[in-house]
Amino acid sequence: MSPDVRSGNDRAVISIFATEAAFRAWYDDAMPRVYAYLFARVDADAGLAEELTQQTFTEAVASKASFAGRAEPTTWVIAIARHRLADHYRRHYRDQHRQAALIERANVGGRDAWQRAEAFADVRHALSALPGEQRVAFVLRVVDGLSVREVATTIGRSEDATESLLRRARISFDHLLEHPNDA
């Protein structure tokens, strides 16, 4: 495949996006390589590898103007895949941290694995039963560790209103943990 070379902004930009046929040929060559790169890094989770591959190519198409031709097009798209993978793991670890903080809030850290799993289900249930704004404020404060002032700024309320909202959220959350059928 010979890429189309165009000139713009005093630099040569190799365009794998010049025609649909050029893109299709490049995609057919690059997609299996990107998928294999991701598959090997997500513990052979085919579904996750497919999702990240799709996100990678979607981002590549959306940011095609950023491809300056300094690297091979497949190297460029694998760099995008690496960023998608890093974002995935950042979200994954952030979610794990949030779950651990909620379980700790429910004081279930010393239980065996089965009891912790049940407790986690109770925590998720209690959290999902909170009204939306209470849930957001509660997660920002308890899980993410933001100060009341930071939570207030984030949700667009005064500090006093945020304190009141957090107090109601704590009371509701604790009640829902003790009485899960009240939700």
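The values are calculated or read from the model by the stated rules, or taken from the named source; none is laboratory data. Note that the coordinates shown come from a computational prediction; the quantities given were computed from them, not determined experimentally. All Cβ positions, even for glycine, are placed from backbone atoms using ideal geometry, and neighbour counts span all protein chains on display.
Which is outside the structural domain of residue 22 (by TED's automatic domain parsing), in contact with a Ser or Thr (Cβ under 7 Å, 6 or more places away or on another chain) and modelled with pLDDT under 85, of 127, 140?
After applying the criteria, what remains is 140.
Hey, could you check region 31-49 for residues that are touching a residue at least 12 places away in the same chain (Cβ under 8 Å) and of a type in the set (D, E, K, R) and say which is nearest to residue 77 (Cα to Cα)?
33
Let's see how each residue does on (1) assigned by TED's automatic domain parsing to the domain that holds residue 143; (2) in a helix (DSSP H, G or I); (3) at pLDDT 90 or above:
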| site | (1), (2), (3) |
| --- | --- |
| 50 | no, yes, yes |
| 59 | no, yes, yes |
| 89 | no, yes, no |
| 100 | no, yes, no |
| 115 | yes, yes, no |
| 120 | yes, yes, no |
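Please go through region 15-30 and give me each residue that is touching a residue at least 12 places away in the same chain (Cβ under 8 Å), surrounded by fewer than 16 Cβ atoms within 10 Å (Cβ to Cβ) and part of a helix (DSSP H, G or I), ordered by number.
Correct list: 25, 29.
Which one is farthest from residue 98 (Cα to Cα), of the residues in region 143-162 that are surrounded by 16 or more Cβ atoms within 10 Å (Cβ to Cβ) and at pLDDT 80 or above?
Going through the qualifying residues, I end up with 157.
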